[in-house]
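For reference, the structure is listed below as structure tokens.
The values are calculated or read from the model by the stated rules, or taken from the named source; none is laboratory data. A quick note: this is a predicted structure, and the numbers were derived from the prediction, not measured. Note: ideal-geometry Cβ built from the backbone for every residue, glycine included; neighbour counts use all protein chains shown. With ligands, DNA and RNA removed, areas are computed over all heavy atoms of the protein, side chains included. Shrake-Rupley method; radii C 1.70, N 1.55, O 1.52, S 1.80 Å.
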Amino acid sequence: MNNEEMAERIRTAFKSGDLETFAKEQRAMASDDMVQEWPQSGERIRGLANIEAVNKNYPASTGTKPKLELRRVLKPGEAWIIEGTIDYGDGVPVSAVSIVETGADGKIIRQTDYFANPFEAPAWRSKWVEHMEPAEAAGVR
């Protein structure tokens with residue numbers, strides 16, 4: 001898979017806004033021995049079958065159905081960087097960044113995900129920073 005095909009698959013995965021479509025596209029992009037890491041919770045998932053099982057069982061454990069929104073994709077030098085938001089059903093836009101590494105065949109071999117809840121910027125920093133609009137929940141504008 002070349003870079004343009006990978007970028008289009010990433011856009012397609014996020015365009016629908018749901019994990020089921022994302023999982024379907026992920027299967028096409030990933031190697032069977034892909035490793036996915038979530039440093040904030042200290043979890044590593046080995047193998048596409050285990051990654052798919054986590055995604056398929058997510059709604060059962062929370063009763064919510066996350067919605068995805070793509071903010072941008074930076075094409076590879078050594079890795080893809082994918083930035084987006086996830087709304088876990090409560091209207092709060094959780095920022096998400098994925099670092100995706102591909103093998104020689106262009107399929108994903110490692111993915112590391114970072115998730116961050118929004119927070120109010122502290123007033124003490126205001127003289128050094130400029131204000132920007134925080135990320136919005138998927139589908140809310």
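Residues in the range 82-98 that are surrounded by fewer than 17 Cβ atoms within 10 Å (Cβ to Cβ), part of a strand (DSSP E or B) and either modelled with pLDDT of 90 or more or more than 13 Å from the chain's Cα centre (by Cα) (or both): Val97 alone. Report, by residue number, each residue of the range 105-141 that is outside any helix (DSSP H, G or I), open to solvent by 100 Å² or more (accessible area, probe 1.4 Å), modelled with pLDDT under 75 and over 23 Å from Asp18 (Cβ atoms). Scanning the range 105-141 gives Phe119, Lys127, Glu130, His131, Met132, Glu133.
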